[in-house]
Amino acid sequence: MARRKKAAKAKSKAAAKKSAKKVVKLRAKKPAANAVSHTPPRRSTKPWGEAGRALDGVKILDFTHVQSGPTCTQLLAYMGADVIKVERPGIGDITRGQLRDVKGADSLYFTMLNGSKRSITIDSKHPKGRDILDRLVKQCDVLVENFAPGALERMGLTFAHIHKLNPRMIVASVKGFGPGPYEDCKVYENVAQCAGGAASTTGFRDGPPLVTGAQIGDSGTGLHLALGIVAALYQRTRTGRGQKVLCAMQDGVLNLARVKLRDQQRLKHGPLPEYSQYGEGVPFGAATPRAGNDSGGGQPGWILKCKGWENDPDAYIYFITQAPVWGAICDLIGKPEWKTDPDYAAPPARLPRLRRIFDTVEQWTKTKTKFEVMDICNKHDIPVGPILSMKEIAEDKSLRDTGTVVEIDHPTRGAYLTVGNPIKLSDSPADVRRSPLLGEHTDEILRKVLGYSDKEVAEIKSSGAITAPDKPTKAEAA
Ligand code: COA
């Protein structure tokens, strides 16, 4: 009986093996779309760290403009993706000419968001331009765009059309809002900061809502989109299929402001003791209030003046009264008695007295520069943060050493600073190169990526699909 069972098991194992082989064979017979260009690179024989970059072999059709989309594709380029930026002939990304500091040169707005990419000019509304775009769709892995809602579809690039040409393509979009009442709206950074809950919770209680300088709506959403793309690329290795990735700027900002939605729910159960308004006896309203420079976490903090604050707008430090180092703080600021005083010894007792505590700490910080406070406090493990100006950041040696701030040369504007990859991968050193000139790589991409012949390139050039229409003469315009 046992022998019969064993034989049956062996038979079914063999059948399973055979059918698995059959599946493999069947799959092998039907090559995936774009099989040649999407064959994964061979396993490298080089040691780790010398075997290329994380996203080598990934081709991005970059249809982004302004900030949110370009942030995303620049990060992917830093990680090794071949990013082909499609721009309108003669004009390009609108930011090339915005906030210009050097006459005739691409603005820093553009150069700092479009490094390490190639630029091709294509008029996406020209029939020949659409043909070129279709070829790019077939060749690329990801299309990234952040046009106003509906603009991509008006170019004929619907998801159905793209997937018919290339079922492996991932189509990644930034929009202002997700599906709902505002889905058709155009959105810029500060609209998203306001709609995502950041502005209503930023600023001082007795002042208006404030937007922050960090571009959490644009660059923040670009970061979210990059993560979505990488996840979709990974899933594609199992499914063989591309998918849509959508990041709404409102959602991205809300994700970054989630602690404020946390506080909204806590309000139902009483006042929020870590907010300084609690200690000041100011009642809470129906919504999460603005909290000035309160820390927003379990460890109270505030921005305090340092030596020189009268003349230097950035002579300040963020000071956190972390509970485990309370004793060290008391000693430093000359209040050793607070270590045992029942009004100050334990964190809950301190909460209603935060204003008094920070005023006292400030009497001490005002006698030191922000860097002196940093040095002294760090010796005692007291978390503090100097308010660094952009000038100080631009000149910071350690940020240069790590490649977070990078100086690059540019043919028309000369050297400029940019932010390198803030995400450090030990086997994939960041590939930070200057931004491309408008259409700098048009010829190279048409020939080498898309395989157009000399004759075809000449035809494309004379068709007007990649060049700006000639300005009308005065007579024509009249
Ligand atoms: N060839 C021909 N036409 C092109 C082109 C090309 N290569 N590239 C773009 N265009 C066209 C588009 O097809 C569109 O035309 P259409 O409206 O006639 O269909 C037009 O240029 C402008 O696109 P649009 O996105 O509407 O630009 P805008 O300057 O009016 O609006 C935003 C800018 C940012 C407000 C808008 O793109 C948007 O809301 N984007 C989504 C949210 C977002 O990313 N915001 C943050 C930006 S940092």
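The values are calculated or read from the model by the stated rules, or taken from the named source; none is laboratory data. All figures in this text were calculated on a predicted structure; none of them were measured in a lab. A quick note on method: Cβ atoms are made from the backbone with ideal geometry, for glycine too, and the neighbour counts reach across all protein chains shown.
With respect to the stated conditions, Pro342 fails to be modelled with pLDDT of 95 or more, touching a helix residue (DSSP H, G or I) at 6+ places or on another chain (Cβ under 7 Å), loosely packed, with under 14 Cβ neighbours inside 10 Å and within 17 Å of Ile382 (Cα to Cα).
When each of Arg241, Arg262 is tested for being among the basic types (Lys, Arg), in a loop (DSSP other than H, G, I, E, B) and either within 30 Å of Met169 (Cβ to Cβ) or within 24 Å of the chain's Cα centre (by Cα) (or both), the lone residue that passes is Arg241. Of the helices (runs of 4 or more DSSP H) lying entirely inside the range 111-197, those containing at least 3 residues that are more than 9 Å from the ligand (Cβ to nearest atom), closer than 27 Å to Lys448 by Cα and modelled with pLDDT of 95 or more span 127-139, 159-165. Any idea which residue in the range 341-360 is farthest from Pro386 (Cα to Cα), counting only those that are of a type in the set (A, V, I, L, M) and assigned to a helix (DSSP H, G or I)? Restricting to residues being of a type in the set (A, V, I, L, M) and assigned to a helix (DSSP H, G or I), the top hit is Ala349.
Listed here are the residues, each with its yes/no results for (1) acidic (Asp, Glu); (2) surrounded by 15 or more Cβ atoms within 10 Å (Cβ to Cβ); (3) modelled with pLDDT under 95.
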site	(1), (2), (3)
Glu310	yes, no, no
Val325	no, yes, no
Ala328	no, yes, no
Arg355	no, no, yes
Thr367	no, no, no
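Is it the case that the range 202-210 has a residue that's under 21 Å from Gly296 (Cβ atoms) and within 12 Å of the ligand (Cβ to nearest atom)? No - not one qualifying residue is present in the range 202-210. In the set (1) within 13 Å of the ligand (Cβ to nearest atom); (2) surrounded by fewer than 23 Cβ atoms within 10 Å (Cβ to Cβ); (3) of a type in the set (S, T, N, Q), the condition left unmet by Gln243 is number (1).
If the condition is being under 17 Å from Phe147 (Cβ atoms) and aromatic (Phe, Trp, Tyr), then the range 62-109 contributes only Phe63. Among the strands (runs of 3 or more DSSP E) confined to the range 361-478, the ones with at least 1 residues that are under 23 Å from Ala105 (Cα atoms) are located at 405-408, 416-419. Among residues of the range 137-168 being touching a Leu at 6+ places or on another chain (Cβ under 6 Å) and buried (at least 23 other Cβ atoms within 10 Å of the Cβ), the one that is nearest to Glu87 (Cα to Cα) is Leu143. Within the range 365-417, the set of residues being over 19 Å from Ala214 (Cβ atoms) and touching a Cys at 6+ places or on another chain (Cβ under 9 Å) comprises Thr365, Lys366, Thr367, Lys368, Thr369, Lys370, Phe371, Glu372, Val373, Pro383, Val384. Yes or no: the range 425-439 includes at least one residue that is at pLDDT 95 or above and more than 22 Å from Tyr78 (Cα to Cα). So far as the range 425-439 goes, no, none of its residues is at pLDDT 95 or above and more than 22 Å from Tyr78 (Cα to Cα). Checking the range 93-106 against the condition returns a match, with at least one residue being β-branched (Val, Ile, Thr), surrounded by fewer than 17 Cβ atoms within 10 Å (Cβ to Cβ) and part of a helix (DSSP H, G or I).
Only one of these conditions is not met by Val83: (1) in contact (Cβ under 8 Å) with a residue 60 or more places away in the chain; (2) more than 10 Å from the ligand (Cβ to nearest atom); (3) buried (at least 21 other Cβ atoms within 10 Å of the Cβ); (4) closer than 18 Å to Leu223 by Cβ. Which number is it? Failing condition for Val83: (1). Checked against the criterion of being among the aliphatic types (A, V, I, L, M) and closer than 30 Å to Thr158 by Cα, the candidates Ala257, Ala226 yield just one match: Ala226.
Looking only at the range 74-89, which residues are in contact with a Leu (Cβ under 8 Å, 6 or more places away or on another chain) and of a type outside the set (Asp, Glu)?
Within the range 74-89, Gln74, Leu75, Leu76, Met79, Gly80, Ala81, Val83, Ile84, Val86 meet the criteria.
Exactly one residue out of Trp338, Trp326, Trp302 is under 30 Å from the mean Cα position of the chain (by Cα) and either closer than 30 Å to Ala195 by Cα or not in a strand (DSSP E or B) (or both): that is Trp302. Selection of first residues in the range 267-290 that are under 18 Å from Pro347 (Cβ atoms) and of second residues that are among the hydroxyl-bearing types (Ser, Thr, Tyr) and at pLDDT 95 or above, restricted to Cβ pairs under 9 Å at least 6 apart or on distinct chains, gives the following pairs, ordered by first then second residue: Leu272/Thr288.
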